[in-house]
Every structure is written in C-alpha cells, then in structure tokens.
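Read through the structure below, which is laid out as structure tokens, and then see the notes.
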Amino acid sequence: MSFDISKRTIAVGLVLVIAAAGGWMYFGGKEVPQRGPGGRGPGMMRPVKGAVVHKEVFGDRLEAIGTLQANESVSVTAKTQGIIRSIDFEDGQTFKKGDQIAAIDAGEQDAALNVELANLEQQRKELARAQELVADKHVSQARLDEQTSLVKRAEANVAAARVRSGDRRITAPFSGIVGTRRISLGALVSPGTVITTLDDISEVKLDFAIPETFIASLKPGLDIEATASAYQGETFKGRVVAVDSRVDPTTRSVSVRAVITNEDLRLRPGMLMVVDLIKDQRESLMIPEIALLPENDQQFVFTVGPDNVVTRLKVVIGRRRAGSVEVLEGLKEGDVVVTEGIQDLRSGSKVNLVNASEIRGGGAAPQSEAERHPG
C-alpha cells in the first residue's frame, strides 16, 4: 500500500515539474507581463526591432557584364629609323601632353637644320638689300620678286628640317600613364617599333551589351553602378554616353558605352565589371524586405504607433532589390515598421522597441506616453 502511494507521489511531482518548465519556456521566452497604462491591468510587452519608412531614389535595373577601356590609349612608336639616344621615363610614370618620352639620335638632322637656318638668314639679308636697291631704282622689280621667292623657299626648307629633327623626339600625344618599357638605350628602332604604351585613365570607358528587348529604354545619360572583383563591396558610379546604332544579329544585343570617373586611378583597362544599368528612376518609399508578412496574394506589415502599440496594415509593394522593397501604397514616410519579432504578433499588442534610440537617431520614431508627457 505504501509502495502505491510513493508511485503516485512521484508521478504527481513529475507532472508539476513538466508544467513548470513549460510555463517558463512559454512566458520567459516570449513576453514579459507588465502593468498597463495607469496600472489598470496587465499588458504584454514583446521585444521587437523596427525600421523607419524612408524615401530613396529607386529605379529598375538591368544587369550585364562589361569590360573597361582607357579613355585614350596608344602604343608609343618610333616615326623613323635610328638609334635610341635617351629614354626619359620610368615604368608607370605620369606624363603631360608634349612631354618627351624618348629620343632617337638626331645628329645628322640637327646639322641639316642648322644649315637651313643659316641659308634662311642669308636669303633674308639678300632680300633686305634688294629692297633698298629697288627703292633707289638700282635693281629691277623682277630681281626683288626672285629674292622674295628664295626667302620663302628657305623658310620651307627650315620647316621641313625641323620636322625631320622633331621626328627623332618621341613625345606624349596626351596626358596619361606610360606602361612598361619595351626597348633599351642604344637599340635600333624602325617606324612602328613599340617603345611603351600610354593610357589616359583619369576616366574609363565601360563597354557592355544589353538585349535588344530593352533597346527602347536605352539612351545616353542613364546612370550605371558597377562592381569589380578586385574591390569587393565597393560600387563605382557612372553614366551612359553612347548606344550603338546597330544590333548584333548573332547575339541580338546592342552595345552600350558608359563612362566612370577614375580620379584615384584604381580602375585599369581590361578589368571585368558587373554593371547595373538604372532606368526609370523615381523617388520611392522603401522598407526592409523582412518587414513584409505575406498572406495569400497580399502583403502586410506591422507599424509601431504612439505608446508602442502595433497595427497590422495592408501594403502594395513594387520592385525589390537586395534587402529592400518599394512600397506603393499603405505607408507614409516616417512610419516605423516591425522588422524582428513579427512572428505571432497581433494588431493592438504593445511592444518594447529595443532599437528605439537608433531609430530616433535617424530622425523618426514613435514616442511613448511617458515620453510625450514627462512627469
């Protein structure tokens, strides 16, 4: 008999322990009972996080793969045959337009230029003497005309000699950065021999292709955002400057060129970039995507109102992008929506907005009764 009583006592004890554990898991893990406003009765304060409904410039995006090109790019070559006399650059050096990059030995051409300069000086002296004699009528006008022609011919010879001498100086056709050196001092070069490369990358061109189905919305001036694997997490912004006049019959796509400012010179020709072409830009209300509560074909959110009371509202959404969604109807700028703790939440519940200070730092948050009426 005593054995049966002990068994019943143990069973009752186990039931009480299980009931106590279940109650702790339910009440301790979810909500904390609190006194309602004015101490009129118990209320439930669920901890939640929220986000402010804000406006952003939003647009439809088309993704493509593009390749970078320099704004200007040339292979620096020799114009004439000769021996390299000087190399005036280091690999990767910046040059301004007209700066000398290298020079070919020009001793013979310089000497020929000096001969032509001396001849020009002599012919000009003869012209001045002939002009004086014509004034005194000691020389005919025909002799003056002949001497004038000789001066013009000498001037032309000097100009040609200067060009031949100048061809021995290899200069930068535009400002930019030189690449690696391809020749050595004393090397014999011929016309077309590559000495180095020169690239203007103060801004870079990004070429990519868009399917022809989107050609109606393509136009110069559209904004683009591009990312490169070399700079993870960084976005480079630019604009479309040209749309090709032809559609590729093989790929059924049209080539588009955008320009990206590259003041820090980090982007280099040949780099692969992922491009987002932004079209139909508009200012839209945006909320975090995790704030949405889908139900059948409709979308709902919980907003946190005065006194931290939540309200369930139906919203109409538009386009989505990573982590955010466009709201077309149902909310206004400055509203606060619940982003965490939304499960099992009911309209009219009172919540504890745990990131209220963070939201107020952004310029908007609901105020509690105590905050609106201190003291």
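Quick note: the coordinates plus some simple rules give every number you see, no bench work behind them. What you are looking at is a predicted structure, and each value in this text was computed from that prediction instead of being measured. Cβ coordinates were reconstructed from backbone atoms using ideal geometry, including for glycine residues, and neighbour counts include every protein chain displayed.
Summary of computed values
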{"read-out": "Peptide ranges 303-310, 131-138 listed from the most packed, as the mean C-beta count within 10 angstrom indicates", "value": "303-310, 131-138"}
{"read-out": "Under Karplus coefficients 6.51, -1.76 and 1.60, residue-wise ³J(HN,Hα) of segment 49-55 in Hz, glycine/proline x", "value": "10, x, 9, 7, 6, 9, 9"}
{"read-out": "Total charge dipole magnitude, segment 106-167, about the Cα centre, Cβ charges on Lys, Arg, Asp, Glu only, Debye to nearest 20", "value": "180 debye"}
{"read-out": "Surrounding net charge for L265, when Lys and Arg each add one and Asp and Glu each subtract one, Cβ distance under 12 Å", "value": "-3"}
{"read-out": "Radius 14 Å from Cβ of V301, net charge of other residues (Lys, Arg +1; Asp, Glu -1)", "value": "-1"}
{"read-out": "Environment charge at R246 (Cβ cut-off 13 Å; Lys +1, Arg +1, Asp -1, Glu -1)", "value": "-2"}
{"read-out": "Residue-span extension gain [R266 to E90] - 0.36 nm each, minus C-alpha spacing", "value": "61.5 nm"}
{"read-out": "Centroid-to-centroid separation of segment 83-143 and segment 163-220 [C-alpha atoms, Å]", "value": "31 Å"}
{"read-out": "Estimated FRET transfer efficiency when R0 is 25 angstrom, pair E340-V316 (beta carbons, to 0.05)", "value": "0.60"}
{"read-out": "Theoretical gain in end-to-end length, F300 to E155 [0.36 nm per residue, Cα-Cα removed]", "value": "43.5 nm"}
{"read-out": "Highest average packing first - 263-271, 332-340, Cβ atoms within 10 Å", "value": "332-340, 263-271"}
